[in-house]
Amino acid sequence: MSSGAEVEVIICADSAEVGEVAAEKIAGICRKAVTPVLGLATGSSPLALYAGLARRVNEGTLDLSHAVGFALDEYVGIDTSHPQSYAQVINTYVTVPLKMDPSRVHVPDGNAEDLYAAAAAYDLMIEESGGVDAQVLGIGTNGHIGFNEPTSSFSSRTRPKTLTPQTREDNRRFFADDEKVPLHCVTQGLGTIMEARELVLVASGEHKADAIAACVEGPVSAMCPASILQFHESATVIIDEAAASKLRLIDYYTYVARNQPM
Ligand code: F6R
(Lines give C-alpha, C1' and ligand atoms only; values in the text may rest on other atoms or scores of the structure.)
Protein backbone atom coordinates (compact mmCIF):
# COMPACT_ATOMS: atom_id res chain seq x y z
CA MET A 1 0.00 0.00 0.00
CA SER A 2 1.51 3.31 -1.07
CA SER A 3 1.56 6.33 1.22
CA GLY A 4 0.70 8.35 -1.86
CA ALA A 5 3.82 10.42 -1.42
CA GLU A 6 5.94 8.47 -3.88
CA VAL A 7 5.59 7.04 -7.34
CA GLU A 8 3.65 3.85 -6.66
CA VAL A 9 4.89 1.01 -8.84
CA ILE A 10 2.62 -1.95 -9.56
CA ILE A 11 4.15 -4.86 -11.44
CA CYS A 12 1.88 -7.14 -13.46
CA ALA A 13 2.46 -10.44 -15.21
CA ASP A 14 1.77 -9.14 -18.71
CA SER A 15 0.27 -6.29 -20.72
CA ALA A 16 -3.27 -7.66 -20.39
CA GLU A 17 -2.99 -7.51 -16.62
CA VAL A 18 -1.49 -4.00 -16.85
CA GLY A 19 -4.62 -2.96 -18.75
CA GLU A 20 -6.96 -4.59 -16.28
CA VAL A 21 -5.31 -3.17 -13.15
CA ALA A 22 -5.10 0.29 -14.72
CA ALA A 23 -8.74 0.12 -15.87
CA GLU A 24 -9.90 -0.68 -12.34
CA LYS A 25 -7.84 2.22 -10.98
CA ILE A 26 -9.25 4.71 -13.53
CA ALA A 27 -12.80 3.35 -13.15
CA GLY A 28 -12.54 3.86 -9.37
CA ILE A 29 -11.51 7.49 -9.82
CA CYS A 30 -14.32 8.08 -12.35
CA ARG A 31 -16.97 6.53 -10.09
CA LYS A 32 -16.08 8.99 -7.32
CA ALA A 33 -16.28 12.09 -9.55
CA VAL A 34 -19.58 13.79 -10.36
CA THR A 35 -18.29 14.71 -13.83
CA PRO A 36 -15.11 12.75 -14.40
CA VAL A 37 -12.44 14.52 -16.43
CA LEU A 38 -10.05 12.11 -18.12
CA GLY A 39 -6.69 12.87 -19.68
CA LEU A 40 -6.18 10.52 -22.60
CA ALA A 41 -2.96 9.11 -24.05
CA THR A 42 -2.83 7.45 -27.45
CA GLY A 43 -0.35 4.83 -28.72
CA SER A 44 -0.39 1.10 -28.03
CA SER A 45 0.16 1.11 -24.28
CA PRO A 46 -3.29 2.24 -23.06
CA LEU A 47 -5.35 0.12 -25.48
CA ALA A 48 -5.90 -2.72 -22.98
CA LEU A 49 -6.82 -0.14 -20.35
CA TYR A 50 -9.42 1.44 -22.66
CA ALA A 51 -10.76 -2.03 -23.50
CA GLY A 52 -11.09 -2.69 -19.76
CA LEU A 53 -13.03 0.55 -19.29
CA ALA A 54 -15.26 -0.29 -22.28
CA ARG A 55 -16.06 -3.68 -20.74
CA ARG A 56 -17.14 -1.99 -17.51
CA VAL A 57 -19.29 0.47 -19.46
CA ASN A 58 -20.98 -2.39 -21.34
CA GLU A 59 -21.51 -4.33 -18.12
CA GLY A 60 -23.16 -1.25 -16.59
CA THR A 61 -20.63 -0.80 -13.76
CA LEU A 62 -19.25 2.44 -15.18
CA ASP A 63 -21.01 5.37 -16.83
CA LEU A 64 -18.88 7.82 -18.77
CA SER A 65 -21.70 9.45 -20.74
CA HIS A 66 -21.14 12.76 -18.91
CA ALA A 67 -17.36 12.43 -18.61
CA VAL A 68 -15.06 14.92 -20.27
CA GLY A 69 -11.89 13.87 -22.11
CA PHE A 70 -8.73 15.71 -23.13
CA ALA A 71 -6.23 14.00 -25.40
CA LEU A 72 -2.57 14.61 -24.65
CA ASP A 73 -1.43 15.40 -28.14
CA GLU A 74 -1.96 15.52 -31.90
CA TYR A 75 0.28 15.57 -34.96
CA VAL A 76 0.60 18.87 -36.79
CA GLY A 77 -0.73 18.99 -40.32
CA ILE A 78 -2.35 15.55 -40.32
CA ASP A 79 -5.86 15.41 -41.74
CA THR A 80 -8.29 14.65 -38.92
CA SER A 81 -9.81 11.95 -41.14
CA HIS A 82 -6.46 10.11 -41.30
CA PRO A 83 -6.78 6.90 -39.25
CA GLN A 84 -3.54 7.74 -37.41
CA SER A 85 -4.59 11.27 -36.48
CA TYR A 86 -5.08 11.22 -32.75
CA ALA A 87 -8.55 12.68 -33.30
CA GLN A 88 -9.44 9.42 -35.08
CA VAL A 89 -7.53 7.18 -32.68
CA ILE A 90 -9.28 8.71 -29.66
CA ASN A 91 -12.65 8.39 -31.38
CA THR A 92 -12.05 4.73 -32.28
CA TYR A 93 -10.54 3.49 -29.02
CA VAL A 94 -12.06 5.84 -26.47
CA THR A 95 -15.10 7.94 -27.41
CA VAL A 96 -17.09 5.23 -29.18
CA PRO A 97 -16.31 2.15 -27.04
CA LEU A 98 -16.56 4.10 -23.76
CA LYS A 99 -19.87 5.64 -24.92
CA MET A 100 -18.60 9.13 -24.20
CA ASP A 101 -20.32 12.21 -25.63
CA PRO A 102 -18.17 13.25 -28.65
CA SER A 103 -18.82 16.92 -27.93
CA ARG A 104 -17.07 16.45 -24.56
CA VAL A 105 -13.96 14.74 -25.90
CA HIS A 106 -11.25 17.14 -27.01
CA VAL A 107 -8.04 16.71 -29.01
CA PRO A 108 -5.50 19.50 -29.61
CA ASP A 109 -5.92 21.17 -33.01
CA GLY A 110 -2.92 20.28 -35.16
CA ASN A 111 -4.28 22.22 -38.12
CA ALA A 112 -4.97 25.58 -36.48
CA GLU A 113 -3.70 28.63 -38.33
CA ASP A 114 -2.16 29.85 -35.08
CA LEU A 115 -0.98 26.69 -33.31
CA TYR A 116 0.25 28.62 -30.26
CA ALA A 117 -3.09 30.38 -29.73
CA ALA A 118 -5.00 27.11 -30.20
CA ALA A 119 -2.68 25.38 -27.70
CA ALA A 120 -3.22 28.14 -25.13
CA ALA A 121 -6.99 27.87 -25.66
CA TYR A 122 -6.71 24.11 -25.07
CA ASP A 123 -4.99 24.67 -21.71
CA LEU A 124 -7.72 27.15 -20.78
CA MET A 125 -10.40 24.61 -21.68
CA ILE A 126 -8.76 22.03 -19.39
CA GLU A 127 -8.65 24.60 -16.60
CA GLU A 128 -12.31 25.58 -17.13
CA SER A 129 -13.37 21.92 -16.97
CA GLY A 130 -12.21 21.92 -13.35
CA GLY A 131 -8.99 20.06 -14.18
CA VAL A 132 -8.18 16.48 -15.01
CA ASP A 133 -9.15 13.85 -12.41
CA ALA A 134 -7.16 11.00 -13.93
CA GLN A 135 -4.46 11.39 -16.54
CA VAL A 136 -3.60 8.26 -18.53
CA LEU A 137 0.02 8.24 -19.68
CA GLY A 138 2.25 6.03 -21.79
CA ILE A 139 6.01 6.54 -21.96
CA GLY A 140 8.31 6.82 -24.96
CA THR A 141 11.48 4.74 -25.18
CA ASN A 142 13.28 8.07 -24.68
CA GLY A 143 11.29 8.89 -21.54
CA HIS A 144 8.79 11.29 -23.11
CA ILE A 145 5.25 11.67 -21.76
CA GLY A 146 2.72 13.19 -24.10
CA PHE A 147 5.13 14.35 -26.76
CA ASN A 148 7.33 16.20 -24.29
CA GLU A 149 10.63 15.07 -25.68
CA PRO A 150 13.90 15.09 -23.67
CA THR A 151 14.92 18.63 -22.64
CA SER A 152 11.28 19.77 -22.43
CA SER A 153 10.72 22.34 -19.71
CA PHE A 154 9.11 20.98 -16.57
CA SER A 155 6.86 24.03 -16.50
CA SER A 156 5.79 23.78 -20.15
CA ARG A 157 2.18 24.28 -21.21
CA THR A 158 0.36 22.90 -24.26
CA ARG A 159 2.38 23.93 -27.32
CA PRO A 160 3.75 22.83 -30.68
CA LYS A 161 6.88 20.65 -30.52
CA THR A 162 9.24 18.88 -32.90
CA LEU A 163 9.39 15.11 -32.55
CA THR A 164 12.82 13.50 -32.09
CA PRO A 165 14.14 11.05 -34.72
CA GLN A 166 13.75 8.30 -32.07
CA THR A 167 10.03 9.01 -31.57
CA ARG A 168 9.41 9.20 -35.32
CA GLU A 169 11.18 5.88 -35.74
CA ASP A 170 9.15 4.35 -32.87
CA ASN A 171 5.90 5.58 -34.45
CA ARG A 172 6.80 4.54 -38.01
CA ARG A 173 4.87 1.29 -37.39
CA PHE A 174 1.58 3.20 -37.36
CA PHE A 175 2.07 4.64 -40.86
CA ALA A 176 2.15 3.12 -44.35
CA ASP A 177 5.57 2.57 -45.98
CA ASP A 178 5.11 5.45 -48.41
CA GLU A 179 3.93 7.87 -45.71
CA LYS A 180 6.12 10.24 -43.74
CA VAL A 181 5.76 10.19 -39.95
CA PRO A 182 4.80 13.77 -39.02
CA LEU A 183 7.69 15.89 -37.77
CA HIS A 184 5.69 18.20 -35.52
CA CYS A 185 2.99 17.82 -32.92
CA VAL A 186 0.99 19.80 -30.40
CA THR A 187 1.30 18.36 -26.91
CA GLN A 188 0.08 19.13 -23.44
CA GLY A 189 3.07 20.45 -21.50
CA LEU A 190 4.67 18.83 -18.49
CA GLY A 191 3.27 21.66 -16.35
CA THR A 192 -0.20 20.96 -17.76
CA ILE A 193 0.08 17.21 -17.15
CA MET A 194 1.31 17.73 -13.59
CA GLU A 195 -1.89 19.61 -12.72
CA ALA A 196 -3.95 16.42 -13.10
CA ARG A 197 -5.04 15.11 -9.72
CA GLU A 198 -3.91 11.54 -10.43
CA LEU A 199 -1.40 10.26 -12.96
CA VAL A 200 -1.58 6.66 -14.15
CA LEU A 201 1.28 5.59 -16.42
CA VAL A 202 1.13 2.22 -18.19
CA ALA A 203 3.96 0.45 -20.01
CA SER A 204 4.81 -3.04 -21.20
CA GLY A 205 7.81 -4.70 -22.78
CA GLU A 206 11.56 -4.77 -22.39
CA HIS A 207 11.98 -1.85 -24.80
CA LYS A 208 10.44 0.39 -22.10
CA ALA A 209 12.64 -0.90 -19.25
CA ASP A 210 15.33 1.84 -19.46
CA ALA A 211 12.73 4.61 -19.65
CA ILE A 212 10.80 3.18 -16.69
CA ALA A 213 13.96 2.88 -14.56
CA ALA A 214 14.88 6.50 -15.40
CA CYS A 215 11.33 7.67 -14.68
CA VAL A 216 10.94 5.99 -11.31
CA GLU A 217 14.46 5.69 -9.89
CA GLY A 218 16.61 8.02 -11.96
CA PRO A 219 17.54 11.59 -11.18
CA VAL A 220 14.79 14.06 -11.98
CA SER A 221 16.02 15.41 -15.27
CA ALA A 222 14.60 17.01 -18.39
CA MET A 223 16.53 14.31 -20.27
CA CYS A 224 13.83 11.92 -18.97
CA PRO A 225 10.67 14.06 -18.95
CA ALA A 226 8.72 11.24 -17.23
CA SER A 227 10.97 11.63 -14.17
CA ILE A 228 8.81 14.66 -13.30
CA LEU A 229 6.34 12.09 -11.92
CA GLN A 230 8.60 11.97 -8.87
CA PHE A 231 7.26 15.45 -8.01
CA HIS A 232 3.59 14.40 -8.26
CA GLU A 233 1.69 13.52 -5.10
CA SER A 234 -0.37 10.80 -6.70
CA ALA A 235 1.40 9.02 -9.54
CA THR A 236 1.02 5.30 -10.22
CA VAL A 237 3.18 3.38 -12.67
CA ILE A 238 1.57 0.10 -13.77
CA ILE A 239 3.95 -2.08 -15.80
CA ASP A 240 4.63 -5.66 -16.78
CA GLU A 241 7.66 -7.62 -15.59
CA ALA A 242 9.63 -6.91 -18.76
CA ALA A 243 9.20 -3.14 -18.40
CA ALA A 244 10.14 -3.49 -14.70
CA SER A 245 13.27 -5.50 -15.42
CA LYS A 246 15.74 -2.63 -14.92
CA LEU A 247 14.31 -1.30 -11.64
CA ARG A 248 16.83 -1.57 -8.83
CA LEU A 249 14.30 -1.67 -5.96
CA ILE A 250 12.41 -4.46 -7.68
CA ASP A 251 11.64 -6.35 -4.44
CA TYR A 252 10.14 -3.23 -2.88
CA TYR A 253 7.30 -2.76 -5.34
CA THR A 254 3.82 -4.26 -5.40
CA TYR A 255 3.22 -7.35 -7.51
CA VAL A 256 -0.32 -8.12 -8.62
CA ALA A 257 -1.60 -11.60 -9.26
CA ARG A 258 -4.47 -11.69 -11.75
CA ASN A 259 -7.88 -11.28 -10.10
CA GLN A 260 -6.32 -10.36 -6.78
CA PRO A 261 -8.15 -7.28 -5.45
CA MET A 262 -5.93 -4.21 -5.06
C1 F6R B 1 0.75 9.63 -27.15
C2 F6R B 1 1.63 9.78 -26.01
C3 F6R B 1 2.99 9.17 -26.04
C4 F6R B 1 2.91 7.66 -26.00
C5 F6R B 1 4.31 7.05 -26.05
C6 F6R B 1 4.29 5.54 -26.00
O7 F6R B 1 -0.48 10.25 -26.87
O8 F6R B 1 1.24 10.38 -25.05
O9 F6R B 1 3.72 9.63 -24.93
O10 F6R B 1 2.26 7.27 -24.83
O11 F6R B 1 4.95 7.45 -27.23
O12 F6R B 1 3.66 5.03 -27.12
P13 F6R B 1 3.28 3.49 -27.22
O14 F6R B 1 2.27 3.24 -26.16
O15 F6R B 1 2.70 3.32 -28.59
O16 F6R B 1 4.54 2.74 -27.00
> So Ser153 fits all but one of (1) among the small types (Gly, Ala, Ser); (2) in a loop (DSSP other than H, G, I, E, B); (3) closer than 18 Å to Gly39 by Cβ; what number is the exception?
Replying inline: (3)
>> For region 167-180, which positions are within 12 Å of the ligand (Cβ to nearest atom) and closer than 19 Å to Val107 by Cβ?
In response: Thr167, Asn171, Phe174
>> Every residue in region 42-57 that is assigned to a loop (DSSP other than H, G, I, E, B) and either open to solvent by 10 Å² or more (accessible area, probe 1.4 Å) or more than 15 Å from the ligand (Cβ to nearest atom) (or both), please.
In response: Thr42, Gly43, Ser44, Ser45
> Would a scan of region 58-67 turn up a residue that is open to solvent by less than 50 Å² (accessible area, probe 1.4 Å) and within 16 Å of the ligand (Cβ to nearest atom)?
Replying inline: no
>> Return the pair list, or none, for Cβ contacts closer than 6 Å from residues in region 142-156 that are within 11 Å of the ligand (Cβ to nearest atom) to residues that are assigned to a loop (DSSP other than H, G, I, E, B) and of a type outside the set (A, V, I, L, M), at least 6 apart or on different chains.
In response: Asn142/Pro150; Gly146/Gln188; Glu149/Thr164
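For region 167-182, indicate whether the set of residues that are touching a strand residue (DSSP E or B) at 6+ places or on another chain (Cβ under 6 Å) and under 20 Å from Ala41 (Cβ atoms) is non-empty. First the steps, then the outcome.
Start the filter on region 167-182 by keeping residues that are touching a strand residue (DSSP E or B) at 6+ places or on another chain (Cβ under 6 Å), which leaves 182.
Applying the additional criterion that residues be under 20 Å from Ala41 (Cβ atoms) yields 182.
So far as region 167-182 goes, yes, one or more of its residues are touching a strand residue (DSSP E or B) at 6+ places or on another chain (Cβ under 6 Å) and under 20 Å from Ala41 (Cβ atoms).
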> Based on what the data block shows, is Ser152 among the hydroxyl-bearing types (Ser, Thr, Tyr) and open to solvent by less than 20 Å² (accessible area, probe 1.4 Å)?
Replying inline: yes
> Can you tell me which residues in region 229-257 are within 23 Å of Arg157 (Cα to Cα) and surrounded by 15 or more Cβ atoms within 10 Å (Cβ to Cβ)?
Replying inline: Leu229, Gln230, His232, Ser234, Ala235, Thr236, Val237
> Of (1) among the small types (Gly, Ala, Ser); (2) surrounded by fewer than 24 Cβ atoms within 10 Å (Cβ to Cβ); (3) not in a loop (DSSP other than H, G, I, E, B), Ala226 satisfies all except one. Which?
Replying inline: (2)
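The values are calculated or read from the model by the stated rules, or taken from the named source; none is laboratory data. All figures in this text were calculated on a predicted structure; none of them were measured in a lab. For neighbour counting, all protein chains shown are included, and Cβ atoms are generated from backbone atoms with ideal geometry for every residue, glycine included. Surface areas here come from the heavy atoms of the whole protein model, side chains and all, with no ligands, DNA or RNA. Shrake-Rupley method; radii C 1.70, N 1.55, O 1.52, S 1.80 Å.
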